[in-house]
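Working notes, beginning with the structure itself.
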């Protein structure tokens with residue numbers, strides 16, 4: 001196999017055949033549009049585009065949280081910070097608000113869960129914000145005021161926002177923007193001095209440390225004094241041992257390590273004059289050691305503590321606490337202590353799963369401590385990082401398509417030589433002589449020629465029609481499919497989090513309850529690992545009906561798991577009254593059902609709108625004179641449903657469990673025990689019998705996987721027998737509690753005309 005080149009000509013022969021690589025131009029009149037190469041590329045991208053569309057439909061969550069305002073909460077390279085509230089008997093025993101079981105009926109938040117202030121809080125109040133961070137509390141009697149940085153979605157500048165709470169931090173009303181300057185503002189350190197309220201925000205962009213005084217608290221402020229002309233960030237001012245001290249960081253100095261530098265200044269008054277500490281900079285070290293401030297210093301048991309930021313893995317990765325042992329004009333010494341805050345294991349599904357970098361703790365008048373902390377579900381620079389990875393995946397997919405085309409013979413060349421130097425357009429004789437003698441031009445032409453011989457070489461190495469060749473082509477195609485899905489995930493899939501949905505400004509949580517036994521332990525382990533990472537799951541209760549139960553330590557869970565061992569193997573145990581369940585919302589979910597956390601969160605949001613209904617993912621229709629149980633296809637054929645199976649449904653634990661174990665339901669429970677079936681049907685009849693209004697609500701899941709098909713331990717493997725038993729249950733329940741025939745609800749019947 002030989003090759004020859006004619007320099008300055010328009011044709012190069014390889015193996016005696018003129019290739020498209022040697023055409024001077026690709027012209028439409030040469031039928032390029034209908035060439036095999038063009039058709040192959042179009043077909044390849046159509047196929048991969050179809051794969052991308054299916055992946056996006058099944059696995060990418062395109063739905064933004066329902067209450068986010070249109071102008072705010074945009075993706076931001078600085079993050080998606082939000083603010084949560086914590087309570088404790090000391091600053092080192094703080095627990096999130098959801099652990100305190102605070103309820104708010106108006107928003108069906110049973111309990112209220114963090115975060116309590118988000119970008120939506122400001123945006124819904126017509127102050128568009130991308131995120132809220134750096135929270136500082138000011139306590140005024142029984143009223144809490146919260147000051148924080150809010151990044152304006154229009155100007156992309158940090159302003160100081162303020163919210164108010166009259167119920168100890170469970171509910172916050174956004175009051176507006178307290179301070180807006182021509183430069184970036186953040187870290188609004190609010191303090192009181194001689195009966196007046198002051199604020200010292202970060203103004204490093206201005207190169208000054210400023211103190212503002214409240215004219216009409218909390219929304220009107222005036223500049224009181226510029227106390228230091230330095231680019232100090234995240235500065236705090238405290239009164240300790242008769243002097244005032246400023247802790248701050250200046251990253252502009254020569255040799256200063258960003259997020260690893262700290263300085264101290266002292267004075268007899270908050271307004272100066274300020275003198276630098278003898279050992280400044282106190283720290284100029286690695287950014288993970290907490291030199292940069294991360295909140296308000298506080299005194300506890302006579303000791304002073306400083307909060308610092310650990311920015312080792314990403315900016316603001318976590319807060320670290322330090323006990324100040326020595327603070328004088330000449331010396332400073334501190335040691336790290338445990339803060340006692342448990343980090344979430346839910347990753348991006350947790351509002352603070354990626355980082356939390358600021359904490360302000362204060363003691364309330366009745367002795368308890370309250371803390372406000374910011375958190376983010378994604379690391380710094382995440383949007384840019386995801387976009388780069390997505391684009392890189394697209395580039396590799398294009399390379400995969402070219403490789404596939406080379407192997408199947410659809411692509412004859414990689415780079416047409418008319419794209420290379422010397423063949424690209426008309427030239428003067430002087431330029432042509434220079435180009436021929438130019439080494440770089442010659443090398444580039446050689447590279448083009450070698451690349452164009454690659455398809456022929458590949459087809460010689462890998463015979464496309466052989467078994468091995470087909471396997472290789474299939475593998476390469478599969479790699480391209482995976483890369484397409486990766487590209488969709490990073491470019492279209494948002495931040496990758498399956499977030500919770502707020503209702504009337506409140507988030508909440510629920511208990512996940514499943515029933516199983518020893519033969520299905522494999523299902524249970526996979527089940528717990530997956531669902532414990534869902535944002536709103538607070539705990540998992542496993543009803544163990546038969547056999548030796550596992551130890552909770554055997555289960556990989558991000559939330560507490562409680563195994564409730566039953567004396568009797570009965571399906572009635574699913575709805576057993578359990579005083580240890582504190583949440584009103586319970587998701588009854590079979591251990592062999594796998595669906596996305598996003599679907600679970602949407603179902604929970606719908607239930608919070610209708611807590612008196614059974615809200616679930618499996619609709620059924622029971623109607624007619626001859627009651628017969630049938631599947632979802634039957635309900636869709638008749639365009640309606642009147643029953644929701646509780647194998648995957650949200651219920652009100654108080655309401656449902658009391659109805660199920662009432663005296664009225666005793667006969668129905670005996671039917672359940674007789675057939676070892678139909679407990680979900682019984683609950684539907686009890687709901688319908690207790691109310692004349694709608695009792696069920698359907699939410700369509702994006703995808704569902706029945707894992708019992710893989711383990712071979714499905715309870716209802718004989719579908720015909722299963723349906724016959726359930727039809728008998730329908731007859732008996734109808735005799736006991738009345739029929740469901742008059743009730744029928746349409747699919748896609750909500751205001752948005754969808755079951756999402």
Scope the range 603-630; condition over 23 Å from the mean Cα position of the chain (by Cα) and outside any loop (DSSP other than H, G, I, E, B); matching residues: 614, 615, 619, 620
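Scan 312, 340 and give me the residue that is at pLDDT below 95, outside any strand (DSSP E or B) and closer than 23 Å to residue 258 by Cβ.
Numbers: 340 fails: closer than 23 Å to residue 258 by Cβ.
Checking each option against the conditions leaves just 312.
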Qualifying residue in the range 133-152 (condition: modelled with pLDDT of 95 or more, under 29 Å from the mean Cα position of the chain (by Cα) and part of a loop (DSSP other than H, G, I, E, B)): no
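Yes/no per residue for (1) over 23 Å from residue 732 (Cα atoms); (2) modelled with pLDDT of 95 or more; (3) in contact with a strand residue (DSSP E or B) (Cβ under 7 Å, 6 or more places away or on another chain):
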position	(1), (2), (3)
603	yes, yes, yes
620	no, yes, yes
639	yes, no, no
643	no, yes, yes
663	no, yes, no
679	no, yes, no
698	yes, yes, yes
Restricting the range 545-575 to residues that are in a helix (DSSP H, G or I) and in contact (Cβ under 8 Å) with a residue 24 or more places away in the chain, the residue that is surrounded by the fewest Cβ atoms within 10 Å (Cβ to Cβ): 554
Subset tally (residues that are part of a helix (DSSP H, G or I) and either at pLDDT below 90 or within 23 Å of residue 468 (Cβ to Cβ) (or both)) for the range 384-417: 11
Selection status of residue 169, assigned to a loop (DSSP other than H, G, I, E, B) and surrounded by fewer than 22 Cβ atoms within 10 Å (Cβ to Cβ): no
Options 682, 645, 587: the member that is within 19 Å of residue 739 (Cβ to Cβ) and either under 29 Å from the mean Cα position of the chain (by Cα) or not assigned by TED's automatic domain parsing to the domain that holds residue 572 (or both): 645
Test: residue in the range 349-358 that is over 27 Å from residue 305 (Cα atoms) and touching a helix residue (DSSP H, G or I) at 6+ places or on another chain (Cβ under 9 Å): yes
Qualifying residue in the range 588-607 (condition: in contact with a helix residue (DSSP H, G or I) (Cβ under 8 Å, 6 or more places away or on another chain), farther than 30 Å from residue 519 by Cα and in contact (Cβ under 8 Å) with a residue 60 or more places away in the chain): no
Qualifying positions in the range 272-293 - surrounded by 15 or more Cβ atoms within 10 Å (Cβ to Cβ), touching a residue at least 24 places away in the same chain (Cβ under 8 Å) and over 18 Å from residue 335 (Cα atoms): 272, 274, 277
Wholly enclosed strands (runs of 3 or more DSSP E) of the range 177-238 bearing at least 3 residues assigned by TED's automatic domain parsing to the domain that holds residue 276, within 21 Å of residue 256 (Cα to Cα) and touching a strand residue (DSSP E or B) at 6+ places or on another chain (Cβ under 9 Å): none
Pairs, first part of a helix (DSSP H, G or I) in the range 526-544, second surrounded by fewer than 23 Cβ atoms within 10 Å (Cβ to Cβ), C-beta under 6 Å, six or more apart: 528/555; 528/557; 529/556
Any hit, the range 168-190, residues being farther than 22 Å from residue 122 by Cα and out of contact with any helix residue (DSSP H, G or I) (no Cβ under 9 Å at 6 or more places or on another chain): no
Boolean, residue 665 is within 17 Å of residue 572 (Cβ to Cβ) and within 39 Å of the chain's Cα centre (by Cα): no
Hey, residue 296 over 24 Å from residue 253 (Cβ atoms), crowded, with 22+ Cβ neighbours inside 10 Å and more than 27 Å from the chain's Cα centre (by Cα) or not: yes
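The values are calculated or read from the model by the stated rules, or taken from the named source; none is laboratory data. Since this is a predicted model, take the numbers as computed values, not measurements. Here Cβ is always computed from backbone atoms with ideal geometry, including for glycine, and neighbour counts include all displayed protein chains.
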